[in-house]
Amino acid sequence: MTARITLAILLLSATARSQEPLYKNPSAPVEARVQDLLSRMTLDEKVAQLQGYFSRDSLAFDSSGNYVGVKDSAILNRGTGTFGTWALFRGAPARYKAECINGIQRYMLTRSRLGIPVFFFGEALHGYMTKEATSFPQAIALGCTWDTVLAEEVFSAAALEASAGGIREVLSPVLDLARDPRWGRTEECYSEDPYLASRMGMAAVHGFEGRGPLIDNHHVAVTLKHFAGHGQPEGGRNIAPVNFSEREFREGPLYPFEMAVKHANARSLMASYNEWDGIPNHVNHKLLTEILRDEWGFNGYVMSDGGGMDVTYLEHHAAKDSAESGALSIAAGLDYDLGSRGCFRAMADQVRDGRVPEAYVDRAVADILRVKFECGLFENPYADPDLMERVMQSADHKSLALKAAEEAMVLLKNENKTLPFDERKIKTLAVIGPNAPEIHLGGYSAVPMHGISVLDGIREFARGKFDVVYAKGCVLTLNKECNWLVNENPILGDPKDDARLIDEAVATAKKADAVVLVIGENELICREAWSGAHLGDRDNLDLVGRQEQLAEAILKTGKPVAILLFNGRPISINALAAKAPAIVECWYLGQETGHAVAEMLFGKVIPSGKLSVTIPRSVGQLPCYYDHKPTRFRDYNLADSSPLFPFGFGLSYATFDYSHLVVMPKSIPVGGSAQVSVEVKNSGTTRGDEIVQLYVHELVSLPTRPVLELKDFVRISLDPGETRHITFTLGPDKLETIGMDMKRRVPPGIFEVKVGRNSTDLITDTLTVH
């Protein structure tokens, strides 16, 4: 009897499973699940997946995070792409946010008609952007590590913190090229160089998404930003047109995106606000469909930037209203509205009256659902608040943030070995400057920002060893708050007050044995320019306010001075570069800023970062990126036309010598490969890291090619006296170019192969391709 009952139960269970919709079967192929679910959806349910919904119900959640709202029920029953409420995003503790996310996901799975979970997005430019999470160095600082292994670890940690909190997709990484430092979003980029940006970008994608075919619940889908050409806008002004030929566009701004799509399986891209070749990118069919999908094989989804479809008709004047902008966008290949004035709101009616083919909607919905299935949202959509609290600010993640900060600092000058300071010879150290007492993390940081400031880090290091005195020196900005979200423009300090502060700083410096001068920018001066009350682009690259006068006054004291620059874009420091004995470019180093800086100043950490961007002498040199075309060779009249600091540059406390560069074989067929070997020796007295850089230059080419192109790099550690034999493979992927027919191929010809410590200090051999 018992056996018959058991058999009956098993048969009923099997029957129930066989009757369950295919899309709910986790063993079924993803594409089959997508098509099955799509076939069951009404037009209104499809259009709902293309948009997010923000509840205005202040009572939507109870104190435990359960969703109890009733005002949104009718809307949510048909589903939504994403969901948010003011309760979720208005400074609530991370645990409560996670519990609210779980409340919504339970509601969507059990109460909506089809049980489709929603995406919860998060920002993660340099760590998951919530106040309890770990903050890593800003993107431009991570780019200066040239460390792809470290970058993958950093973003894997950020993914764990975000996913444990219920976030399953992040609006990161930024793969724009930092080719115009006037642009306030320069800090969000890894590099000016397509190859370096692509390798750091792929590492970020692997860190966020993992390396498996699907994304587990400890990882998150990425959204590559901003597609494409956003990093070199006309005049350096945010969202202005980008002026590239198609060949330049493919060789430069598109390349990092292409690599992240083809080789790292990025699941989503965000269209950029700008226009290319007269077509706003949100409605650019060639970009979003012909190149991205048809050529590269992308099968994820494309989202708008916030308000991006509004920009099409309000700013570009390329559509008459929101409905037309939405119709043009979905026809071009854009799938999801991150946030607009309702550009997809009329989509269902546009389909019904024949203005928009339903096939466009089906494609967009399928793209979005595919990523939801690949993220495992249907099986495991929930946050894990306990895990989240264990991993946020964990010892491992803090240690990783410190390591990243240590590797990101770039030693620009070290005259007469001013650094490292000898703590045994210092009785009093003066820390001076407006950027010393506060932590600066850059844009897309949680507010209020948290971390160890330069002043606090040095004081902690100095405890029991020497005294630390501080003077402000001058005021950078007078605004009551200083963070990237402050919706007002910077107010500079008063000259009379600054004169007094400079005098006080000089008096403080004279009492000390050495000085650390901490200057640069802050989050009000360099940031995303999203409105007239929130500007961030600049028409010059000089130090703001009276910082240069402060620096010159301190240098005149004759004390050993180390200048630390904290900033989001390259700064033209011509006078200081000539006069200061030691300069360190720090960018924004994350929450462990103070600890990393103190260790570097006193030799516990050896500087190893290399510039991922060129630092120009003035705005007049722009564009100033290193991989320019041969005809940009003439000097300016009455000026030094070389960069202030070249791409790839960075000093160390160690000394490295390069020799015995050999390319073998000397001649290869098109499609063949050569081995490039070089010997690098640590000829100094301290262990250090060196970033060995490989460049190529084709001597004669049509179409023309740059005078130099980065094609590989490796980061190595060497003990004093140690020599390392380094080998690179130079194959088709590094020799190819876009030919006259716009196709990628390796051209026959003679290539100079150059290896060295930066883009100007190189040794050379040749390779013939036949």
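When ASP321, ASP335 are screened for being free of Cβ contacts under 8 Å to residues at least 12 places away in the same chain and in contact with a Phe, Trp or Tyr (Cβ under 7 Å, 6 or more places away or on another chain), only ASP321 passes.
Considering HIS660, HIS595, the condition of being of a type outside the set (Phe, Trp, Tyr), under 30 Å from LYS398 (Cα atoms) and open to solvent by 40 Å² or more (accessible area, probe 1.4 Å) is satisfied by HIS595 alone.
A count restricted to the stretch 319-348 and to residues that are open to solvent by 20 Å² or more (accessible area, probe 1.4 Å) and more than 31 Å from the chain's Cα centre (by Cα) stands at 6.
Here's the yes/no breakdown for (1) in a loop (DSSP other than H, G, I, E, B); (2) in contact with a strand residue (DSSP E or B) (Cβ under 9 Å, 6 or more places away or on another chain):
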position: ASP44; (1), (2): no, no
position: ALA74; (1), (2): no, no
position: THR80; (1), (2): yes, yes
position: PHE83; (1), (2): no, yes
position: LYS97; (1), (2): no, no
position: GLY103; (1), (2): no, yes
position: TYR107; (1), (2): no, yes
position: ARG113; (1), (2): yes, no
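Determine if the stretch 735-758 includes at least one residue that is closer than 19 Å to TYR625 by Cβ, outside any strand (DSSP E or B) and modelled with pLDDT of 95 or more. The answer is yes; a qualifying residue exists. So, VAL149, is that one open to solvent by 50 Å² or more (accessible area, probe 1.4 Å), modelled with pLDDT of 80 or more and not aromatic (Phe, Trp, Tyr) or not? Judged against the criteria, VAL149 is a match.
Scanning the stretch 686-738 for residues that are more than 25 Å from the chain's Cα centre (by Cα), open to solvent by 30 Å² or more (accessible area, probe 1.4 Å) and of a type in the set (A, V, I, L, M) turns up LEU699, VAL700, LEU702, VAL707. The set of residues in the stretch 262-296 that are part of a helix (DSSP H, G or I) and touching a strand residue (DSSP E or B) at 6+ places or on another chain (Cβ under 6 Å) comprises ASN281, HIS282, LEU288. Suppose the filter is open to solvent by less than 10 Å² (accessible area, probe 1.4 Å), part of a loop (DSSP other than H, G, I, E, B), touching a residue at least 40 places away in the same chain (Cβ under 8 Å) and of a type in the set (D, E, K, R); does GLU192 pass it? Answer is yes for this residue.
Scanning the stretch 210-249 for residues that are among the basic types (Lys, Arg), within 19 Å of ILE279 (Cα to Cα) and open to solvent by 20 Å² or more (accessible area, probe 1.4 Å) yields a count of 2. Part of a loop (DSSP other than H, G, I, E, B), among the hydroxyl-bearing types (Ser, Thr, Tyr) and surrounded by 17 or more Cβ atoms within 10 Å (Cβ to Cβ): does that describe SER641? Judged against the criteria, SER641 is not a match.
From the list ALA512, ALA529, ALA553, exactly one residue is aliphatic (A, V, I, L, M) and in a helix (DSSP H, G or I). Which is it? Unique residue meeting the criteria: ALA553.
When VAL70, VAL34 are checked against the criterion of being of a type in the set (A, V, I, L, M) and over 27 Å from LEU22 (Cα atoms), VAL70 stands alone in meeting it. Among the numbered conditions (1) within 15 Å of LEU517 (Cβ to Cβ); (2) open to solvent by less than 10 Å² (accessible area, probe 1.4 Å), the only one that GLY609 does not meet is (1). Checking each residue in the stretch 250-297 for being more than 24 Å from GLU234 (Cβ to Cβ), of a type in the set (A, V, I, L, M) and open to solvent by 10 Å² or more (accessible area, probe 1.4 Å) picks out MET259, VAL261. In the stretch 123-146, what residues are part of a loop (DSSP other than H, G, I, E, B) and among the aliphatic types (A, V, I, L, M)? Selection gives ALA124, MET129, ALA133.
Scanning the stretch 85-95 for residues that are open to solvent by 10 Å² or more (accessible area, probe 1.4 Å) and not in a helix (DSSP H, G or I), we see that the one that is modelled with the lowest pLDDT is ARG90.
Per-residue answers, yes or no, for (1) closer than 30 Å to PRO643 by Cα; (2) touching a Phe, Trp or Tyr at 6+ places or on another chain (Cβ under 8 Å); (3) open to solvent by 10 Å² or more (accessible area, probe 1.4 Å):
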position: ILE104; (1), (2), (3): no, yes, no
position: ARG113; (1), (2), (3): no, no, yes
position: MET129; (1), (2), (3): no, yes, yes
position: VAL154; (1), (2), (3): no, yes, no
position: SER163; (1), (2), (3): no, no, no
position: TRP183; (1), (2), (3): yes, no, no
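The set of residues in the stretch 18-38 that are in contact (Cβ under 8 Å) with a residue 12 or more places away in the chain and of a type in the set (D, E, K, R) comprises LYS24, GLU31, ARG33, ASP36.
Each residue in the stretch 349-392 was checked for being in contact (Cβ under 8 Å) with a residue 24 or more places away in the chain, surrounded by fewer than 19 Cβ atoms within 10 Å (Cβ to Cβ) and of a type in the set (A, V, I, L, M), and 1 pass.
The values are calculated or read from the model by the stated rules, or taken from the named source; none is laboratory data. Computed from a predicted model, the values in this text were never measured in an experiment. All Cβ positions, glycine included, derive from the backbone under ideal geometry; neighbour counts span all protein chains shown. The accessibility values were calculated without ligands, DNA or RNA, using every heavy atom of the protein model including side chains. Shrake-Rupley method; radii C 1.70, N 1.55, O 1.52, S 1.80 Å.
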